[in-house]
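Remarks on the structure that follows.
Values in this text are rule-based calculations from the coordinates and carry no lab data. These numbers were taken from a predicted model, which means no experiment stands behind them. Cβ placement follows ideal geometry from the backbone for every residue including glycine, while neighbour counts extend to all protein chains displayed.
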Amino acid sequence: AQKVTQAQTEISVVEKEDVTLDCVYETRDTTYYLFWYKQPPSGELVFLIRRNSFDEQNEISGRYSWNFQKSTSSFNFTITASQVVDSAVYFCAFTPAARQLTFGSGTQLTVLP
Amino acid sequence: GAGVSQSPSNKVTEKGKDVELRCDPISGHTALYWYRQSLGQGLEFLIYFQGNSAPDKSGLPSDRFSAERTGGSVSTLTIQRTQQEDSAVYLCASSSLIRGPATRPTTDTQYFGPGTRLTVL
């Protein structure tokens, strides 16, 4: 069975600090997909990124970057120069195919002004 | 275009009553998912519809829960004889079907609606 672990329950940083959210997954599948979603206080889950297991290239999008390390089964998410609007719960998720997602327990990020 | 919509946004009901929650997926999306988010259990999968295939009901917690998808579009999640433990936010997601090369399984991104907050008194 698949499992996604987000060990950091809550993180608090001061605005403009960099912050990394950790995600570790367990699977026996050789092909799978990893996702990050953001859930702001409004409650809606907002898609951030999808990464395929056969593509280990890291990705940067503005202040966001993702580090996929297949050797350590990790898919970490870094926010550079954090802003108050980044405050949200962030979920890492996994699927071995186009099926249901298995979510981690989420990390509550609070960015203080 | 329009995203996934859900109604009602909030539902308060009494224990033992039946409730229906509605999801309107993104136009053209063939896959539709229901999840539940509660404080103690996090985000849990409930049921999955893909085109005309039989739905994957493996996540439904009891036979009080059922769902249907009419015309390959709108879906209704029904909870019969609601219990207090059914209180949660019910999230719907939809996705298109992207077929990769023969050596790779299909992949898609699920886009979520705003959810329905269900409170059972």
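Under a point spin-label approximation (7 Å from Cα along Cα-to-Cβ), what is the residue A:47-residue B:81 distance to one decimal in nm?
Distance between the two pseudo-spin positions: 3.9 nm.
In debye, nearest 20: dipole of chain A around its Cα centre with unit charges on the Cβ of K, R (+) and D, E (-)?
Working: 9 positive and 12 negative charges, 65 e Å.
I would put it at about 320 debye.
What aspartates and glutamates does residue A:16 reach when the alpha-carbon gap must be under 13 Å and sequence neighbours fewer than 8 apart in one chain are set aside?
A:86
Can you tell me the convex hull volume per residue for segment B:1-97, based on C-alpha atoms, in Å³ to the nearest whole number? Mind showing how you got there, number by number?
Details: hull volume 9.6 nm³, N = 97.
For segment B:1-97, the hull spanned by Cα atoms encloses 99 Å³ per residue.
Ordered by residue, what ³J(HN,Hα) values in Hz, to whole numbers, does segment B:109-121 give under the Karplus form 6.51 cos²θ - 1.76 cosθ + 1.60, where θ = phi - 60° and Gly and Pro are x?
10, 8, 10, 9, x, x, x, 10, 8, 9, 10, 10, 8
What is the gain in length, in nm to one decimal, between residue A:54 and residue A:14 on full extension, counting 0.36 nm per residue of separation less the C-alpha to C-alpha distance? Could you put the intermediate results ahead of the total?
Details: separation 40, 0.36 × 40 = 14.40 nm, distance 3.57 nm.
Value of the extension gain: 10.8 nm.
Distance cut-off 29 Å, Cα to Cα: go down the list B:11/B:57; A:38/B:57; A:70/B:57 and report the pairs above it. Intermediate results must be reported in sequence, preceding the final value.
Working: B:11/B:57 23 Å; A:38/B:57 26 Å; A:70/B:57 31 Å.
Among B:11/B:57; A:38/B:57; A:70/B:57, the Cα-Cα distance tops 29 Å for A:70/B:57.
Give me the extension gain from residue B:97 to residue B:66: residue separation times 0.36 nm, minus the current Cα-Cα distance, reported in nm with one decimal. Intermediate results must be reported in sequence, preceding the final value.
Numbers: separation 31, 0.36 × 31 = 11.16 nm, distance 2.39 nm.
So the chain would gain 8.8 nm between residue B:97 and residue B:66.
What are the ³J(HN,Hα) couplings of segment A:2-12, residue after residue, when phi is run through the Karplus curve with 6.51, -1.76, 1.60 and θ = phi - 60°? Round to Hz, x for glycine and proline.
Values per residue, Gly and Pro as x: 8, 8, 10, 10, 10, 5, 7, 6, 9, 10, 10 Hz.
How high is the FRET efficiency between residue B:27 and residue A:2 when r is their beta carbon distance and R₀ equals 25 Å, given to the nearest 0.05?
Working: r = 31 Å, r/R0 = 1.22.
That pair, residue B:27 with residue A:2, gives E of 0.25.
Between Rg and the Kirkwood Rh of chain A, both from Cα atoms, what is the Rg to Rh ratio?
Values: Rg = 13.6 Å, Rh = 14.2 Å.
Here the Rg-to-Rh quotient is 0.96.
From the convex hull of the Cα coordinates of the protein assembly as shown, what is the mean projected area in square nanometres? Mind dumping the intermediate values first?
Values: hull surface 53.7 nm².
Taking the Cα atoms of the protein assembly as shown, their convex hull projects to 13.4 nm² on average.
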